[in-house]
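What follows is a short report on a single structure.
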Amino acid sequence: MSHSTTPNFSLPGEDRPEMPLLEASANAQAPAAAPTAAQQTEVPQPAQYGNWQAPVPQPIAHGTQRPLPAHTAPAYQPLPMHQQQAIGQIRSTGLAMFLFVITLGIYGLVWFYQVHDEMKRHTGQGLGGGLGLLTAFFLGIVSPFIVSAEVGQLYQQRGLQRPVSGTTGLWYVLGIFILVGPIVWFVKTNSALNAYWRSLGAS
């Protein structure tokens, strides 16, 4: 009695595959293994080159802004005195004339020094206190012209009409023979200067 056998269709020299087809197909369709918790939290370290380490960007929370780079503030430089618009002092015309008389003219030198000094500090221009005092002491006849001219320039620099000018000094020179001229000159000049300081808030 003969036994039937499955015919072998393999060609001579051909090797059969070791893994069955069903097992190979199952392995191909199997999903990849999920990463472990250690692998998920692992942060790659930046590469180092010598002593330099690449910066790691920091996460920014939603709604926040990156800090702006700090800039060094420029050092504060105080303004010159004339740019601060220093205001002079109000001097009573009557009291100044009284002091001039009882001090035999000495207060006149003090007045010239103070007035020139205040106008110099206010505008940065003019003779100034020291030079104004020397001019009044050695060239007394010239000082009335200079003071009145500088007072008029205060008004002119602010676009105002000058109540006095250099020619106001003629009251002092030409009126000295009638004794009233110097008084007229002083009243005009000192009153104009006081009015200017008051317009800036002096009291």
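Where a number appears in this text, it was derived from the coordinates with a stated rule and is not lab data. Being a predicted model, the structure only gives us computed values, none of them experimental. Ideal geometry is used to build each Cβ from the backbone, glycine not excepted, and the neighbour counts take in all protein chains shown.
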Debye calc, one equal point scatterer per Cα of region 87-199, no solvent, log10 I(q)/I(0) at q = 0.14 1/Å comes to -0.50
For residue 203 and residue 161, extending 7 Å from Cα along the Cα-Cβ vector and measuring point to point gives, in nm, a value of 3.0 nm
Residue 91-residue 173 pseudo-label distance in nm [points 7 Å out on the Cα-to-Cβ vector]: 2.2 nm
Dividing the mean separation of Cα pairs under 8 Å (6+ apart) by the residue count of region 87-199 yields a relative contact order in percent of 23 percent
Residue 139 versus residue 114: modelled label distance in nm, points set 7 Å from Cα along the beta carbon direction: 2.5 nm
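Dipole magnitude of region 87-199 about its Cα centre, charges +1 at Lys/Arg Cβ and -1 at Asp/Glu Cβ only, in debye to the nearest 20?
Numbers: 7 positive and 3 negative charges, 49 e Å.
In debye, rounded to 20, region 87-199 gives about 240.
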